[in-house]
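Student: Sharing a structure, written as structure tokens. Questions coming.
Coordinate-derived values only; no laboratory data. The structure displayed is predicted, hence computed values, not measured ones. Here the Cβ is made from the backbone with ideal geometry for all residues, glycine too, and neighbour counts use every protein chain on show.
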Amino acid sequence: MIFSLAIYSAPHTTQASDSAYRFAETLLSEGHSLYRVFFYQDGVYNSNNLITPAQDETDLSSGWQQLSAKYQIDMVVCIAAALKRGILNQEEAERYEKPAHNLRDGFAISGLGQLVDAALMSDRLITFGG
């Protein structure tokens, strides 16, 4: 079965992002496919390369990055939500004349059309948070 996930919550404010990550790990270990993970609203904070959780907390941003690299999963961050929350890739940082970018490697910035595509290309679109 092909899944896509939509994550609407920041990594350390609710259980939603952690639950999504564990769900993704489980479905992949069970032989299912993960087409795309789409980060929207506060979920875009999962892609922030500057997040530094306490030593006794899970580093979800790093976890998503590793999952993406291991399974070649498309990790997409909503551009409008990201820009509002100060998350930029190199291109957007240059466009808005910002001194730095903070989008973690393995994530891509794109529009809501990628969420629609994920819904069309997957057997199930599961949302977390919101």
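Student: I'd like the Karplus ³J(HN,Hα) series for region 50-59: coefficients 6.51, -1.76, 1.60, θ = phi - 60°, whole numbers in Hz, and an x wherever there's a Gly or Pro.
Tutor: Coupling constants for region 50-59: 8, 5, 10, x, 4, 4, 8, 10, 6, 8 Hz.
Student: With runs of 4+ DSSP H residues as the only contributors, calculate the mean residue ellipticity of the chain at 222 nm using -39,500 (n - 2.57) per run, divided by the residue total and rounded to the nearest 500. Spell out each step's value before the answer.
Tutor: Numbers: 5 runs with 47 residues, N = 130.
Per the formula, -10500 deg cm²/dmol.
Student: Picking from Ile126, Tyr21, Val116, whose Cα lies most toward the positive end of the charge dipole for the chain (charges on Cβ: Lys, Arg +1; Asp, Glu -1)?
Tutor: Working it through, the farthest residue towards the positive pole turns out to be Val116.
Student: OK, next. Specify the inter-centroid distance of region 57-104 and region 19-49, based on alpha-carbon positions, in whole Å.
Tutor: 14 Å
Student: Need one number: % antiparallel among DSSP beta bridges in the chain, to the nearest 5.
Tutor: Values: 1 of 20 bridges.
Percentage antiparallel, nearest 5: 5.
Student: Also, quick follow-up: At a 10 Å Cβ-Cβ cut-off, how would you order Phe39, Phe128, fewest neighbours first? List each step's numbers first, then the result.
Tutor: Values: Phe39 30, Phe128 21.
By the 10 Å Cβ count, ascending: Phe128, Phe39.
Student: Next question. Tabulate in residue order the Karplus-calculated ³J(HN,Hα) for region 42-49, using 6.51 cos²θ - 1.76 cosθ + 1.60 with θ = phi - 60°, rounded to whole Hz; enter x for Gly and Pro.
Tutor: 5, x, 5, 4, 4, 9, 6, 5
Student: Can you give the longest run of the chain that contains no GluC sites (Glu not before Pro) sitting in a DSSP loop with at most 12 other Cβ atoms inside 10 Å? Please report the intermediate quantities before stating the final value.
Tutor: On the way: sites that count: Glu30, Glu57, Glu97.
Segment 58-96 is the longest.
Student: Can you tell me how much longer the chain between Ile126 and Ser110 gets when fully stretched, taken as 0.36 nm per residue apart minus their C-alpha distance, in nm with one decimal? The partial results should precede the final answer.
Tutor: On the way: separation 16, 0.36 × 16 = 5.76 nm, distance 1.92 nm.
That pair, Ile126 and Ser110, stretches by 3.8 nm at full extension.
Student: Kindly write out, for region 96-107 in residue order, the coupling ³J(HN,Hα) from the Karplus curve 6.51 cos²θ - 1.76 cosθ + 1.60 (θ = phi - 60°), rounded to whole Hz, with x marking Gly and Pro.
Tutor: Using θ = phi - 60°, the values come out as 9, 6, 9, x, 7, 10, 9, 6, 5, 4, x, 10 Hz.
Student: Okay, moving on. Would you please give the residues with an amide H less than 5 Å from that of Ile109, counting only those at least 5 places away or on a separate chain, with H modeled from the backbone geometry?
Tutor: Amide H neighbours of Ile109, under 5 Å, 5+ apart: Val77.
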